[in-house]
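Okay, so here's the structure we're looking at.
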Amino acid sequence: MTGGGHGRTAVPGSASGSLAVGEGPGRPAPTLTVYHRVDCGLCAQMLAELAALQSRYTFALERVDIDQDPDLATRFNAKVPVLAVDGEILCCHFLDAPALIDELTRND
């Protein structure tokens with residue numbers, strides 16, 4: 001899948017008083033996982049874009065270095081960075097901001 005796709009593929013294996021966009025009543029903030037590697041320019045770019053979005057949207061952000069796990073390195077080698085939302089792949093290589101915002105504002 002490329003960065004422009006809106007399809008999602010499953011990847012195996014905030015509690016403040018006010019609600020931000022992306023967090024509704026009874027709906028926990030989604031977890032975004034960025035599969036990356038050290039010294040990857042596209043990875044740094046995606047992480048910077050996600051950091052900027054955190055000021056407007058509520059989500060947990062996890063970073064996973066694929067080179068620390070041989071299975072992930074094999075699976076995502078040429079695809080990094082890969083962004084998953086709650087365990088399902090949303091985009092690869094480049095942040096698909098419209099698709100991510102759709103996910104973060106869904107059911108608000």
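Limited to segment 52-79, what total is found for residues that are within 19 Å of Glu103 (Cβ to Cβ), among the polar types (S, T, N, Q) and either surrounded by 11 or more Cβ atoms within 10 Å (Cβ to Cβ) or touching a helix residue (DSSP H, G or I) at 6+ places or on another chain (Cβ under 9 Å) (or both)? Residues meeting the conditions: 2. Evaluation of Glu49 against the conditions (1) surrounded by fewer than 16 Cβ atoms within 10 Å (Cβ to Cβ); (2) in contact with a helix residue (DSSP H, G or I) (Cβ under 9 Å, 6 or more places away or on another chain); (3) modelled with pLDDT under 95 shows that the sole unmet condition is (3).
The values are calculated or read from the model by the stated rules, or taken from the named source; none is laboratory data. Predicted model only: the values in this text are computed from it and were never measured. All Cβ positions, even for glycine, are placed from backbone atoms using ideal geometry, and neighbour counts span all protein chains on display.
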